[in-house]
Amino acid sequence: MKYANIFTKYVVDSTNQCLKRMLDDLKIGDVFLAEHQTDGVGKRGKKWFSSPGNSLCLSLYWKLHVELSAINQLSIIIGSTIVDLLNKRYNCKTVLRWPNDLFIQNKKVGGILIETVGILKEEVHCIIGIGMNLSDDESFSKKIKNGWISLKGTVEESEWNSMIISIIREIHRSMIMFENVYSTKQTRFIRELVYRFFDQNKR
């Protein structure tokens, strides 16, 4: 992919919602970035908390020519892409927990929310939302009951921008691969990837 639009805003209600409102004008691979969102949502509709200047709030649009059932495995693909990047480049020791959570030292550092909109036969419009804690903030402790952690100490603030660009690029590559695999009916590759991450998380 030669290029994609990256839309930015300091505070939004939700980066996923921002892309949904722009759906008619989006190109495949377009991204919305914010430093804080006031109405972020995680899995099962739970509120996703972010902290201004300390969080990554990223959503990416993609139109896939696959059956809707194929989307069920997309969280694993996106999650494994981010885990591989963080671990190989920054030695974060991140693990993916089913179905869409990112953990470091048994504490949650981020999550993935994939939403589908405008579904037609074998054409699915996806909004891929990614949230991560970049740095520590006391407000997290007040709002989040379960254990949490940030990338502080493994990814320096000076590296945040390059990390975000790398995440976008790697997701672009993974999405192209994902669609190519399904277009050629090589679904065994996807299943093997899912099983590999199940095994890793059981250890």
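Before we move on, is residue 156 of a type outside the set (Val, Ile, Thr), open to solvent by 50 Å² or more (accessible area, probe 1.4 Å) and at pLDDT 90 or above?
Considered against the rule, which asks whether it is of a type outside the set (Val, Ile, Thr), open to solvent by 50 Å² or more (accessible area, probe 1.4 Å) and at pLDDT 90 or above, residue 156 comes out as no.
In the range 132-145, what residues are over 17 Å from residue 112 (Cβ atoms), at pLDDT 65 or above and polar (S, T, N, Q)?
The one that is over 17 Å from residue 112 (Cβ atoms), at pLDDT 65 or above and polar (S, T, N, Q): 135.
This table checks each residue for (1) surrounded by 22 or more Cβ atoms within 10 Å (Cβ to Cβ); (2) without any contact (Cβ under 8 Å) to a residue 24 or more places away in the chain.
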position	(1), (2)
66	no, no
69	no, yes
78	yes, no
90	no, no
96	yes, no
99	no, no
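Just to be sure, is residue 10 modelled with pLDDT of 90 or more, in a strand (DSSP E or B), over 16 Å from the mean Cα position of the chain (by Cα) and of a type in the set (Ser, Thr, Tyr)?
In short, yes.
Residue 53 fails exactly one of the following numbered conditions: (1) modelled with pLDDT of 85 or more; (2) on the phi > 0 side of the Ramachandran plot. What is the number of that condition?
The single condition residue 53 does not satisfy is (1).
Cβ contacts < 6 Å: first residue in contact (Cβ under 8 Å) with a residue 24 or more places away in the chain, restricted to the range 150-167; second residue open to solvent by less than 60 Å² (accessible area, probe 1.4 Å) and polar (S, T, N, Q), any location; separation 6+ or different chain. Result?
Close Cβ pairs satisfying both conditions: 150/133; 150/135.
Find the strands (runs of 3 or more DSSP E) located wholly in the range 60-131 whose residues include 1 or more that are in contact with a helix residue (DSSP H, G or I) (Cβ under 8 Å, 6 or more places away or on another chain) and under 23 Å from residue 5 (Cα atoms), and list them.
107-120
The values are calculated or read from the model by the stated rules, or taken from the named source; none is laboratory data. Please read all numbers here as calculations on a predicted model, not as lab measurements. So basically every Cβ, Gly included, is an ideal-geometry build from the backbone, and we count neighbours across all protein chains shown. Quick note on the areas: whole protein, heavy atoms, side chains included, nothing else; ligands and nucleic acids left out. Shrake-Rupley method; radii C 1.70, N 1.55, O 1.52, S 1.80 Å.
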